[in-house]
Every structure is written in structure tokens, then in C-alpha cells.
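**Q** For reference, the structure I am asking about is given below.
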Amino acid sequence: MRIKSKWHKTQIKTIDDIGGAMAFICWRITKRPLGLRLGFVIEKKQIFDIIAEYLCFLIQSIDRLVFKTLSTEQRQELIHKLAKQSAFYYQENKTERIGEGNHWKAFINTYNQRSQDYSDYDFIGNEPNYRFLRYFGEKIKLAMTDVDEKWIVQQMVEIQAPKAFKKIAKSVDDLVSIDKIISKEEQIKCNKEKIPRSKRQSARKDINYKNKSSSDNLI
């Protein structure tokens, strides 16, 4: 699955911009049902349990990846945005596929517990270590059918988790490699001070002369 993770225009972004883009990419990574990819038997409700585990794994991975790039405050803001936006996607999609319910709260409760648990595991060489991956595999196993659970941990540790991590790591590098990260307040101020395109003076002298002449004629 190809995922776009680069900014098209300005290289000045807010943490909110970066977090929103990362949350969308995380959701894209988890979007295709695991059973369709691997041939496992998964019920509809189980798919969302698996998606929740994937999202928690990816968000925790992002938290480790941006540790040296962002300040503590920026990192906290980013992870908060990621969790909140992921909960929104989870609520919206599970409501559509399964039915009404407080899916948002269920996801946040799972996320808070996983955040605490993942803190016991390390990254080595900027990648999750075996115990980090093993924990993820064990949680995925709990969401699977009894028929498949004996295979799932090995599949997660050796193939699926590294594959998902590789995708999100590339996106993180692209999204935080920008000229400047500003606050939301600074962005609002810049937008207010920005001169509308229609009022900008052209660099071409002949056009500016004509515009001036037209204004004189109107007077």
C-alpha cells in the first residue's frame, strides 16, 4: 500500500498539522482487515479490536521516533493529537460498521492502558526491540480466533509489526523534516497578517504601472 506522507507546499507547520497527517496515515495502515491480508478468520467485531491494537502500537512508535526531534511539550501535544484523532476515526468507522456506541471512550481506555504497558519496553537503534514487538503480537492474539492464535504472535513479530513500523517511520521522517514548527497561535497570527493575493504588488513593473494608471483613471 502506497502512502503519501510529504507536504505539498509550505514547510512551516504546526504540531496540529503534523499530528493530523500522522493520524490519517496510521489509520490508512490499519484500514485493510488483517484477515484479508493473511487469510486468517476474523469476525467483524474482532477487526476493530485489532485496529485499536495497531493504532496503539503505531502511536507509541511515533512517540519514540520523535523523541530527539521535538521538544517535550511538542511531543506531548503531538501524541495527544494523534490519540484524539485516532479515537475520532475509530468512533466514526466502528459506528458505521458495527453500530452506535461509545467507541471513542473504549479506544481511549485501551490506548491509556497500552501507553502504560509499552513504557516498559525499549527501542534499540531507533527501532522497537523484540519485547516491544512481542507485546504487540500478544495483544493481537487476544483479538483473534482460537484457530489462528497459535500462529499470530510469530507472524506479528517477524512480519506484520516490522512492516507497519517501517511505513510509519518513513512518514514520521518526512512529516517532521520541515523548515519550522510553529504554534497554532503563531499560525493564526501569520494568516491574519498575510496579504491577499489580489492585493499583492506584482514584481513586473509594466503591470504595476498599468494598475496605477487604472486607479488614476477611476479617481
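The values are calculated or read from the model by the stated rules, or taken from the named source; none is laboratory data. As the structure is a prediction and not an experimental result, all values here were calculated from the model. Neighbour counts are summed over all protein chains in view; Cβ atoms, including those assigned to glycine, are modelled from backbone coordinates with ideal geometry.
**Q** I'm checking my understanding of the structure. Among residues of region 85-104 that are touching a residue at least 40 places away in the same chain (Cβ under 8 Å) and either farther than 15 Å from K31 by Cβ or of a type in the set (V, I, T) (or both), which one is surrounded by the fewest Cβ atoms within 10 Å (Cβ to Cβ)?
**A** I98
**Q** Are there any pairs, at least 6 apart or on different chains, whose C-beta atoms fall under 8 Å, with the first in region 56-82 and farther than 19 Å from D174 by Cα and touching a residue at least 12 places away in the same chain (Cβ under 8 Å) and the second surrounded by fewer than 20 Cβ atoms within 10 Å (Cβ to Cβ) and among the β-branched types (V, I, T), and if so, which?
**A** Pairs that qualify, where the first residue is farther than 19 Å from D174 by Cα and touching a residue at least 12 places away in the same chain (Cβ under 8 Å) and the partner is surrounded by fewer than 20 Cβ atoms within 10 Å (Cβ to Cβ) and among the β-branched types (V, I, T), are C56/T110.
**Q** Condition first: out of contact with any helix residue (DSSP H, G or I) (no Cβ under 9 Å at 6 or more places or on another chain) and either of a type in the set (A, V, I, L, M) or part of a loop (DSSP other than H, G, I, E, B) (or both). Now tell me which residues in region 55-87 satisfy that.
**A** K68, S71
**Q** Please work out which residue is nearest to Q74 (Cα to Cα), limiting yourself to region 30-39 and to residues that are surrounded by fewer than 20 Cβ atoms within 10 Å (Cβ to Cβ) and at pLDDT 55 or above.
**A** Per the criteria, the residue is K31.
**Q** Please find, among Y90, Y135, Y111, the residue that is closer than 19 Å to D16 by Cα, aromatic (F, W, Y) and outside any loop (DSSP other than H, G, I, E, B).
**A** On inspection, the qualifying residue turns out to be Y90.
**Q** Which members of region 153-171 meet the condition of being out of contact with any Gly (no Cβ under 9 Å at 6 or more places or on another chain) and buried (at least 20 other Cβ atoms within 10 Å of the Cβ)?
**A** Selection gives F165, I168, S171.
**Q** Test each condition in (1) at pLDDT 90 or above; (2) under 12 Å from the mean Cα position of the chain (by Cα); (3) buried (at least 20 other Cβ atoms within 10 Å of the Cβ) for I15 and report the one that comes out false.
**A** (1)
**Q** What's the number of the only condition in (1) assigned to a helix (DSSP H, G or I); (2) surrounded by fewer than 20 Cβ atoms within 10 Å (Cβ to Cβ); (3) among the β-branched types (V, I, T) that I51 fails to meet?
**A** (2)
**Q** How about region 107-119: which of its residues are under 13 Å from S86 (Cβ atoms) and in contact (Cβ under 8 Å) with a residue 40 or more places away in the chain?
**A** Correct list: F107, T110, Y111, R114, S115.
**Q** For region 105-148, give me each residue that is crowded, with 17+ Cβ neighbours inside 10 Å and among the aromatic types (F, W, Y).
**A** Once the filter is applied, which keeps residues that are crowded, with 17+ Cβ neighbours inside 10 Å and among the aromatic types (F, W, Y), region 105-148 yields F107, Y111, Y118, Y121, F132, Y135, F136.
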